[in-house]
1. Here is the link list: Lys78/Lys282; Lys128/Lys282; Lys217/Lys299; Lys128/Lys267; Lys217/Lys282. Which ones come out longer than 21 Å on Cα distance?
2. In the stretch 68-172, carbon and sulfur make up what percent of the accessible area (probe 1.4 Å)?
3. How big, in percent, is the set of alpha carbon pairs in the stretch 68-172 lying more than 23 Å apart?
4. I want to verify the translational diffusion coefficient of the stretch 191-313 in µm²/s; compute it with Stokes-Einstein, Rh as the Kirkwood radius over Cα pairs, at 10 °C and 1.306 mPa s.
5. What is the extension gain from Lys126 to Ala176, computed as 0.36 nm multiplied by their sequence separation minus the C-alpha to C-alpha distance, in nm to one decimal?
Amino acid sequence: MGKSGKDSLLGNKIAAGVLTAGLILWGANRIAHIFIPDEAPEKPAIQLAGLTPAAPIAAPSGGQESIIPLLASADAAKGQAFVQQQCAACHTLNQGGANGVGPNLYGVLGGPMFAHAGFSYSDAVKAKAKGNWDYASMNAWLTSPSSFASGTGMSYAGIHNPQTRADVLAYLRTLAASPLPIPAAPPASAAPAQAAAPAAAVAPGIDALFASADTAKGQAVFQQQCSACHSIAKGGPNGVGPDLYGIVGAKAFSAPGFTYSSAVQAKAGQPWTPDSLSDWLKAPNSYASGTAMSFAGIKNDQTRADVIAYLNHNSDSPAKLP
Ligand code: HEC
Ligand code: HEC
């Protein structure tokens, strides 16, 4: 009796301990979910009513499409409203403004990366500081800070809607005595000129071509041009490049056991869409300058569509092509 009484008392203490630990973990978890998303969700971590972009999920936004064409139609006033709601808790925006949780952002676009006076940056971003912020690098950062610099102190999921990102960039550029010029958008190349066109970051016409894509032709191209470096079999081995089974819809540059070049790190983690794969395969070295994939690219849009249809075919659950 005495013994079992002691045991049950001990049992109660353990139960209470477990419960307390559970509550603490639960609390920490709640906080972590508010501030530190464990993977980039579709929506920004800090989402405020009334500011949800019109079509936050619909766009096939791998996030790494060129932002330049969208800047032409960007709305700095919308960008300002968005920044006030989602960024101003951590960042001041006025000239000479104080650093807060994050650094003051006046003059950031066009200025040196992660170098605002008096702010102590995480080691994660110091490693990524290369030259000045431009539209492409700022676009990549704001798409997903934690993909850009894993371990960054900026606890913000990222802006997934490309047009919203363009609006924010259009606003950020106004925070400077002399705003960074917006580069000219690459011309939408006419069909006959495509072969000669330099590697544009976007492939405007590809969506229309998926409908007529030929998986068998794609397979033939793959055998000839890709299979020396890539296997494409379920559970297949990595070679010079990673195995590509199930690549459409998979997280970019994240195959287990494969060591990627640092050139693609900033682009890693977003799911591959047919469109982002098209951009990559058109000119890997423009998509991620310095990539270890030594392959000039597939310039012909229909051939690229065929290859992507073939990649998509090699999957447990092929995506619906646009
Ligand atoms: C929860 C706080 C927080 C929020 C919200 C936040 N940031 Fe940040 N931001 C930071 C921190 C902290 C850093 C420094 C990152 C580091 O040291 O790893 C940073 C860094 C930056 C930088 C780089 C600055 C430089 O000196 O090069 C830019 C640009 C930026 N943030 C823009 C934004 C924008 C735009 C938003 C809203 C869409 C936003 N941030 C939302 C905390 C935040
Ligand atoms: C000379 C070798 C080589 C050839 C040829 C090559 N690749 Fe690659 N590929 C690589 C390497 C290496 C990487 C990893 C890139 C890095 O780390 O910078 C890669 C990465 C990729 C990725 C991204 C994989 C991921 O994990 O997200 C895709 C998709 C891809 N290649 C498709 C192709 C296709 C399709 C072809 C043919 C049209 C091709 N590659 C031809 C070497 C090659």
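1. Too far apart for the 21 Å limit: Lys78/Lys282; Lys128/Lys282.
2. Carbon and sulfur together cover 54 percent of it.
3. 19
4. Using the Kirkwood radius from Cα pairs, D works out to 109 µm²/s.
5. So the extension gain works out to 15.7 nm.
The values are calculated or read from the model by the stated rules, or taken from the named source; none is laboratory data. Computed from a predicted structure; not experimentally measured. Remember, those area values only see protein heavy atoms, side chains included, never the ligands or the DNA or RNA. Shrake-Rupley method; radii C 1.70, N 1.55, O 1.52, S 1.80 Å.
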